[in-house]
Amino acid sequence: MKKKLSNIVLLLGVILVVILVCEVFIRIFYSRISNYNTEMWRYAAEIKKPLRYENLPFHHFPYKEGNYYGVNIKTNSMGFRDYEYDIKKPLGKKRIVVLGDSFTLGWGVPFNDLFTKQLERMINQYDDRVEVINLGTGNYNSIMEVELFKLKGLILNPDLVILMYFINDAEPIPRRMTAMEYFFKKHSFLFGFLFDRFIKLKIIFDRNFDWRQYYRQLYDRESDALRMNKKSLIELCKICREQNIRLLIVNIPELHRLKEYPFAFVTNYIQTLADEEKVPFVDLLSAFADCDPQSLWVSSEDPHANSKANSIIATEIYKKIGQDMLF
């Protein structure tokens, strides 16, 4: 029995040493092996903190800064990737609050190229009367965006709320991590490396996986996730009506295929909801239609909207604000 216990302890010791060696190795050579998946992991591990709210399991730490996927991301006192704003709206100013996920956060996009900052400059080209505040957070869905607005957006007293809608915003809220899972995710580069390998192996073994079918199931009328998504969006519309806040919904198309767009059923869903709630709506697909899809991507492996795409988004929103007299 003693010999068996000694062997078990020895085996565990060897495993621990191997893990530590791998951890040190990956940290040393991280710059050579980093990619979209590992950088997304690092952003989540370093910038985000867990919350206790059922519909808002995480948000950004305040006053955090780091370089992710070649771009600096810095948060203010409220955890937003934006300038520092007073909670009380300055006299004579108007405010736009923008809700969204990593597209709105500006993953892979320099701060000054964000569509929110470009829009702010467009509106303020003759004076300095409007603040455009970016609440975008990576890996958020519509439910979480609405919860964040209720928690941190309403107190900013906005005159206009812009909801940026993307195809995966109807997915369920991510599972809340255990304390041990969070510890390893936050502190282990090996965790990020293995996460990347897991995603790539999953793609290899799921060669027959059909994204169109996946999203058709997600947007099925009987889908629980879609039902919760719709409930949350209707709640946002109701809050804005009751608070006398203008609301604009903007649909961001999936940027892989812009000709013969395969996800028109998603556009139809969000546009129908906007029409039913009498909310102004912008579909960005037509603005991107003449572009080579990859010319809009952050990188060849990452179809997030790049600086060029952000300029197009800002221009279309600016035109809509003027056209519908949203101020």
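The values are calculated or read from the model by the stated rules, or taken from the named source; none is laboratory data. What you are looking at is a predicted structure, and each value in this text was computed from that prediction instead of being measured. Here Cβ is always computed from backbone atoms with ideal geometry, including for glycine, and neighbour counts include all displayed protein chains.
Of all the residues that make up the range 172-189, how many are under 21 Å from GLU23 (Cα atoms) and without any contact (Cβ under 8 Å) to a residue 12 or more places away in the chain?
Selection size over the range 172-189: 5.
Does LEU194 fit the bill of being of a type in the set (A, V, I, L, M), surrounded by 12 or more Cβ atoms within 10 Å (Cβ to Cβ) and more than 23 Å from ILE143 (Cβ to Cβ)? It would help to see each step written out before you state the result.
On the way: of a type in the set (A, V, I, L, M): yes; surrounded by 12 or more Cβ atoms within 10 Å (Cβ to Cβ): yes; more than 23 Å from ILE143 (Cβ to Cβ): yes.
Here the answer is yes, as LEU194 does meet what is asked.
So which residues in the range 50-61 are closer than 24 Å to ASP113 by Cα and either surrounded by 14 or more Cβ atoms within 10 Å (Cβ to Cβ) or touching a Pro at 6+ places or on another chain (Cβ under 9 Å) (or both), if there are any at all?
Quick first cut of the range 50-61, residues closer than 24 Å to ASP113 by Cα only: 59-61.
If the condition is that a residue be closer than 24 Å to ASP113 by Cα and either surrounded by 14 or more Cβ atoms within 10 Å (Cβ to Cβ) or touching a Pro at 6+ places or on another chain (Cβ under 9 Å) (or both), then HIS59, HIS60 are the ones that fit.
Here's the yes/no breakdown for (1) outside any helix (DSSP H, G or I); (2) over 25 Å from ARG176 (Cβ atoms):
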{"site": "TRP107", "(1), (2)": "yes, no"}
{"site": "ARG121", "(1), (2)": "no, yes"}
{"site": "ILE143", "(1), (2)": "no, no"}
{"site": "LEU148", "(1), (2)": "no, no"}
{"site": "LYS152", "(1), (2)": "no, no"}
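So how many residues does the range 302-327 have that are over 22 Å from ARG121 (Cα atoms) and modelled with pLDDT under 95? Full working, then the answer.
Filtering the range 302-327 down to residues over 22 Å from ARG121 (Cα atoms) leaves 302-304.
So of that shortlist, the ones also modelled with pLDDT under 95 come out as none.
Residues flagged as over 22 Å from ARG121 (Cα atoms) and modelled with pLDDT under 95 within the range 302-327 amount to 0.
Determine whether the range 166-181 contains at least one residue that is at pLDDT 75 or above, small (Gly, Ala, Ser) and in a loop (DSSP other than H, G, I, E, B).
Looking for residues that are at pLDDT 75 or above, small (Gly, Ala, Ser) and in a loop (DSSP other than H, G, I, E, B), one finds none in the range 166-181, hence no.
Can you list residue pairs whose Cβ atoms sit under 7 Å apart, with the first residue in the range 66-88 being in contact (Cβ under 8 Å) with a residue 60 or more places away in the chain and more than 18 Å from LEU51 (Cα to Cα) and the second being acidic (Asp, Glu) and in a loop (DSSP other than H, G, I, E, B)? Count only pairs 6 or more apart in sequence or on different chains.
Sorted first by the residue in the range 66-88, then by its partner, the list stays empty.
Look at the range 219-247 and say how many of its residues are in contact (Cβ under 8 Å) with a residue 12 or more places away in the chain, assigned to a loop (DSSP other than H, G, I, E, B) and more than 30 Å from LYS94 (Cα to Cα).
Total satisfying the criteria: 2.
Looking at ASN251, ASN244, which one is exposed (fewer than 12 other Cβ atoms within 10 Å of the Cβ), at pLDDT 95 or above and under 23 Å from GLN323 (Cβ atoms)? Spell out how you get there, then give the answer.
On the way: ASN251 fails: exposed (fewer than 12 other Cβ atoms within 10 Å of the Cβ).
Only one candidate passes the filter, namely ASN244.
Which residue pairs have Cβ atoms under 8 Å apart, sit 6 or more places apart or on different chains, and have a first residue in the range 190-218 that is farther than 15 Å from ASN35 by Cα and a second that is at pLDDT below 75 and in a helix (DSSP H, G or I)?
If the second residue must be at pLDDT below 75 and in a helix (DSSP H, G or I), the pairs left are PHE209/ILE203.
Six or more apart or on different chains, Cβ under 8 Å: which pairs go from a residue in the range 258-282 that's farther than 13 Å from ARG221 by Cα to one that's surrounded by fewer than 12 Cβ atoms within 10 Å (Cβ to Cβ) and of a type outside the set (D, E, K, R)? Could you list them?
Once the first residue is farther than 13 Å from ARG221 by Cα and sits in the range 258-282, its partners that are surrounded by fewer than 12 Cβ atoms within 10 Å (Cβ to Cβ) and of a type outside the set (D, E, K, R) give LEU258/ALA289; LYS259/ALA289.
Looking at the range 62-77, which of its residues are assigned to a loop (DSSP other than H, G, I, E, B) and either among the polar types (S, T, N, Q) or surrounded by 13 or more Cβ atoms within 10 Å (Cβ to Cβ) (or both)? It would help to see each step written out before you state the result.
Of the range 62-77, the ones assigned to a loop (DSSP other than H, G, I, E, B) are 62-64, 69-70, 75-77.
Scanning the range 62-77 gives LYS64, TYR69, THR75, ASN76, SER77.
Any idea which residue in the range 78-104 is surrounded by the fewest Cβ atoms within 10 Å (Cβ to Cβ), counting only those that are among the charged types (D, E, K, R) and outside any loop (DSSP other than H, G, I, E, B)? Talk me through it step by step, then tell me what you get.
Narrowing the range 78-104 to residues among the charged types (D, E, K, R): 81-82, 84, 86, 88-89, 93-95, 101.
Filter once more, so that each one left must be outside any loop (DSSP other than H, G, I, E, B): 94-95.
Values: LYS94: 16, ARG95: 19.
That would be LYS94.
Going by what's in this entry, would SER295 be described as out of contact with any Gly (no Cβ under 8 Å at 6 or more places or on another chain), at pLDDT 95 or above and of a type in the set (S, T, N, Q)?
Working: out of contact with any Gly (no Cβ under 8 Å at 6 or more places or on another chain): yes; at pLDDT 95 or above: yes; of a type in the set (S, T, N, Q): yes.
Against the criterion (out of contact with any Gly (no Cβ under 8 Å at 6 or more places or on another chain), at pLDDT 95 or above and of a type in the set (S, T, N, Q)), SER295 qualifies.
Out of the residues in the range 1-49 meeting the condition of being exposed (fewer than 14 other Cβ atoms within 10 Å of the Cβ) and either among the hydroxyl-bearing types (Ser, Thr, Tyr) or touching a Lys or Arg at 6+ places or on another chain (Cβ under 8 Å) (or both), tell me which one is modelled with the lowest pLDDT.
So the residue we want is SER6.
If you go through the range 166-187 one residue at a time, do you hit one that is farther than 18 Å from PHE61 by Cα, under 19 Å from the mean Cα position of the chain (by Cα) and of a type in the set (Val, Ile, Thr)?
There is at least one residue in the range 166-187 that is farther than 18 Å from PHE61 by Cα, under 19 Å from the mean Cα position of the chain (by Cα) and of a type in the set (Val, Ile, Thr).
Just to check your reading of the model, which residue among LYS89, LYS4, LYS48, LYS93 is basic (Lys, Arg) and over 30 Å from LEU247 (Cα atoms)? First the steps, then the outcome.
Details: LYS89 fails: over 30 Å from LEU247 (Cα atoms); LYS48 fails: over 30 Å from LEU247 (Cα atoms); LYS93 fails: over 30 Å from LEU247 (Cα atoms).
Just one listed residue meets the conditions, LYS4.
Would you point out the residue of the range 123-138, among those that are surrounded by fewer than 18 Cβ atoms within 10 Å (Cβ to Cβ) and farther than 16 Å from LYS89 by Cα, that is nearest to the chain's Cα centre (by Cα)? Give the derivation first.
As a first pass, look at the range 123-138 and keep what is surrounded by fewer than 18 Cβ atoms within 10 Å (Cβ to Cβ): 124-129.
From what's left, farther than 16 Å from LYS89 by Cα: 124-127.
Details: ASN124: 26, GLN125: 28, TYR126: 31, ASP127: 31 Å.
Only one residue fits best here, namely ASN124.
For the range 48-57, how many residues are in contact (Cβ under 8 Å) with a residue 40 or more places away in the chain and either closer than 13 Å to SER77 by Cβ or hydrophobic (A, V, I, L, M, F, W, C) (or both)?
1
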